[in-house]
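Have a look at the structure below, then the notes.
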Amino acid sequence: MENLNLVLPEIFISLSIMFLLVLGVFKKNSSKITFNLSLFAILITAIITINETFSVSRETLFNESVVIDSMSSLMKIITLIGGFLVLIISSSYLKTFKIYNIEYPVLILSSILGMMVMISSNDLIVFYMGLELQSLALYVLATYNRDQLKSSEAGLKYFVLSALSSGLLLYGCSLVYGFSGSTNFDVISNQLNSNDYVLTFGIVFILVGLAFKISAVPFHMWAPDVYEGSPTTVTLFFTMVPKIAALTVFIRFLYVPFLNLIDQWQMIIIFLSIASMVFGAVAAIGQTNIKRLIAYSSIGHIGYTLAGLATASNEGIQSSIIYISIYVVMNLALFSCLLMLRRKDHYYEDIEDLSGLSKNHPLLSFCLLVILFSLAGIPPLAGFFAKFYVFKAVLEQSMFFLAIVGLLSTVVAAFYYLRIIKIIYFDKENDKYDTDHSLWLKFSLTVSTILILLYFIFPSQLIEVVSRINII
Amino acid sequence: MNFPILSSLILLPTVGALFLFFTKDKEGNNVTAKYVALFTTIVNFLISIYLWISFDQSTSNFQFVEDRTWIEGFINYKVGVDGISILFIILTTFITPLCIISVNNSVKNRLRDFLIAILIMESFMIGVFCALDLVVFYLFFEAGLIPMFLIIGIWGGPKRVYSAFKFFLYTLLGSVLMLVAIISIYWIAGTTDVIQLYELGIDSKYQNLLWLAFFSSFAVKTPMWPVHTWLPDAHVEAPTAGSVLLAAILLKMAGYGFIRFSLGLFPVASEVFTPLIYTLSVIAIIFTSFIALMQEDMKKLIAYSSVAHMGFVTLGIFTLQQQGIEGSIIQMISHGLVSAALFLCVGVVYDRMHSRMINSYGGIVTIIPKYSILFMLFTLAALGLPGTSGFIGEFLILMGAFKDNFLVAVIASLGVILGAAYMLWLYKRVVFGKLVNEDLKKMFDLNRSEYLILSCLAVPTLFFGFYPDPLINTIEVSVTDLINMHNTNIASK
């Protein structure tokens, strides 16, 4: 008998989704209670995850198709926390657009479930199932503000391109299956060797599909449009949560089934990383819409995360995970600020709308200052340490070119972050924005800013948690 | 464990800034905010004086060392001072209160935020001079960009945005290569602790590249020709207090870095690249002196003179002679005092006439005599007249240079003449001559706070000019030890 306790979080969250759907059908005006219950469900799931799986070093279930190890439990917890925070700060935004419905939390929960399955997958089929579950939920979320043209456009675009990438991914999976005779990661790992050139195609297809999901250059085209068109809270969700899951899967693929083929994929990852870092930095300079700018900046940040993966060392993987965790916090803070730019039911999204913000809203501007300098990677803020760990791992492998290109692109990236700071602090002021924000929004902004600002006092804790992850 | 005096020096200004951050920003509160900031910085100054008194001059070991684990198994938070760094710390704590007194006239809006920026800046600057771990050093070195960017950008002149961006991006571009070098040192030597690195030494086959990476950062910050172009822009646009901090302290970080890291960690490479430094320094001294002669804007002229003076400093450091290095340190301290004073002098007339152009002044000696006397004193100190601190520095540097390379020393000596030319010509055009503008008659002489600031700067300038022993005694043992270490490293290669 399998130890089902290990998948209790997944089981619990599936049951909650079904229950919430039924509740929504039978009870009128149940949006509020659904929201609260889903928050509660995420919380419980997180607690179960910590309780049941955090101390597990490595266990497999269901014919080794599901793996529970320290990476999966840590990433699940980050995913859950991310989902929780998105839900918690969404409500006032959704109410403004009159889309405060029960479907929203249910969709978020389902995509989280999909991600949790992805994170734990040790088998091509389980992985694909999780991927599709999360993707389908995300398509709907992107179009969630269905009365707006842009939102529908975003959803459709995302759907078409994502379906294409899923197709590539599946084709790659079938090639890999053909060569190894199994869908199980561990078996594939033992069967594969680098002599088959067709196999390289399989790996490339899989990597392309995954690169699309994390929007690495050159498979990033969808990101700016989708980020701009989707409702802001959904954009926040896009920039944080699916990336965590996709990154985990990336790590899992590279270091379990393809471990023996490092020579084949390392160049690809280095290329993706450099292209993303450089392109993300350069393309963001010309943007005028904050959400588009965040899209490009997130492409750049994914580049740094990939730089850690390209090292083929445990330290590199750990640094990538640290990077993505810190990035999640910075993103949350940035979007909390964005959600505060509101005047009478209208949310502002252009960079120019920030003009002279520091006159009327000194505290909000200070938070933005901290967040933007941190995103630019200036010490002593958290963003610097994220980059520092990555480059430490990169330089350990003597990959000087990657490190220097990466650091030079931080200088380019610093330019557009500085431009926003300039607009906030040096330019003429606009009218005041409303200040009656929900308590949760203020809370998330305050906490995340403090975390960014004071991370340098206790940098060891995060490293300690992450250092338990030893994939290789 | 003793009282962590260095950490409290670093932290105290931040605490003051936090205090200001949580007070309400009302117009009436500005005075209180200023007193809080002033009080904090003066206390800090007194602590640093206490530090100097209890500093043991007979040893070159690092003193008041604090060593705490910061990132497990990787970086320790390690600070300490030796004879070289202690002077820079005192310079910092001495200049900052003067900056705060001077803000009265130059900063009109958001005074509280300005003071917060200055205080945070002070913390970072002291941190740079105490840090005994490369990563900690880098952290403070880079972090200083944030407040300075804001100081130039928010309170600066008309072209402030351009200048602030140029300052930030230039410096950042230089520094990222240093970060690569620091991490590489960690993987090569297994530690980033400066004291341990001094003992271990770094394999000479890596030294050249590492030296160049550090050089890229320090050269921008110094600033050396040809990457000096950010400095005139930043100086011209920054508010007076910002220019003072920039000239007096920020530029010294690089000179300090050259001595502490480039010489100390990469002796072989320093030897290799000495001709490069000589060339760039000599170009800086001669070329920027000529540029300074051509300037119409007073602040720009002083900015270019800073580049020339820093040229002397880099020249002195890489003579690798006792006199040269001692001279460089004294020149840096002296330049810290004198350039600060000169920027304040420009600030004084700018506050009254709102013009920095030289041709809008002339013949003001009869209108504001007290000002003219003090301005005269600092002009003479800037050109290195015997009896001022500027002389001691330049003299020692040239002495070291003559020992090492005759040609370079001769060319550099020409720079002294050029320096005298542009400074005296500036003084002549501004203070003497015909009264060019009737409005100038409305100018009033120095008020109490200006008088106080300028005399505070005049006293050490003269005192150390006549009696430099306290400075030389403090640095002597450390410099001797540095040179001995350098020579043994070269010999053992």
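No lab work stands behind these numbers, since they all come straight from the coordinates. Here the structure is a predicted model, which is why all the values come from computation and not from measurement. Note: ideal-geometry Cβ built from the backbone for every residue, glycine included; neighbour counts use all protein chains shown.
Below, the figures for the structure above:
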read-out	value
Calculated FRET efficiency for the pair A:Asp427/B:Lys370, C-beta based, R₀ 56 Å, to 0.05	0.90
Cα pair distances of region B:294-406 binned at 10 Å [whole percent]	15, 40, 27, 14, 4
Theoretical gain in end-to-end length, B:Asp439 to B:Tyr467 [0.36 nm per residue, Cα-Cα removed]	5.9 nm
Helix axis angle, B:369-382 relative to chain B longest principal axis, alpha carbon, degrees	30
For chain B: relative contact order, % (alpha-carbon pairs under 8 angstrom, 6 or more apart)	15
For region B:273-493, the spread of Cα positions along each principal axis, largest first, Å	69, 33, 23
Label point distance in nm, A:Gln461-B:Leu414, each placed 7 Å from Cα along Cα→Cβ	6.3
Descending principal axes extents, region B:61-213, alpha-carbon based, whole Å	53, 33, 27
When the protein assembly as shown is reduced to its Cα atoms, the Kirkwood hydrodynamic radius in Å	30.0
Gained length - B:Leu209 relative to B:Glu296, 0.36 nm times residue gap less alpha-carbon distance	27.3 nm
Neighbouring partner chain Cβ atoms per residue of B:134-143, average, 10 Å criterion	3
Order by protection proxy (mean Cβ within 10 Å, highest first), peptides A:403-409, A:274-280	A:274-280, A:403-409
Per-selection Kirkwood Rh - chain B (Cα, Å, 1 d.p.)	22.5
Neighbour-count ranking [beta-carbon atoms within 10 angstrom, fewest first] of B:Ile392, B:Ile53, B:Ile286	B:Ile53, B:Ile286, B:Ile392
Contact order normalised by residue count of chain A, Cα under 8 Å, 6+ apart, percent	13
Cβ-placed point charges (K, R +1; D, E -1), dipole of region B:28-185 about Cα centre in debye, nearest 20	880
Spherically averaged projected area in nm², based on the convex hull that wraps the Cα atoms of region B:223-376	9.1
Ranked A:Phe26, A:Phe54, criterion: other C-beta atoms within 10 Å, fewest first	A:Phe26, A:Phe54
Over chain B: helical MRE at 222 nm, DSSP H runs n ≥ 4 each giving -39500 (n - 2.57), nearest 500	-25000 deg cm²/dmol
Of the GluC sites (Glu not before Pro) in region B:1-91, those whose Cβ has at most 10 other Cβ within 10 Å and which sit in DSSP loop	B:Glu27
Kirkwood-based shape ratio for region B:411-493, expressed as Rg/Rh from alpha carbons	1.22
In Å, descending, principal axis extents of the Cα set of chain A	65, 59, 42
Ranking of B:Met485, A:Met221 by count of other Cβ atoms within 10 Å, fewest first	A:Met221, B:Met485
From the C-alpha gyration tensor of region A:6-147, square roots of 5λ in Å	28, 15, 13
Two-site label geometry, A:Lys344 and A:Lys32: point separation in nm, points 7 Å out along Cα→Cβ	2.7
When each of A:Lys291/A:Lys392; A:Lys98/A:Lys428; A:Lys95/A:Lys150; A:Lys243/A:Lys442; A:Lys95/A:Lys442; A:Lys213/B:Lys166 is checked by Cα-Cα distance, pairs over 27 Å	A:Lys291/A:Lys392; A:Lys98/A:Lys428; A:Lys213/B:Lys166
Loop-located GluC sites (Glu not before Pro) in region B:257-352, at most 16 other Cβ atoms within 10 Å (DSSP)	B:Glu296
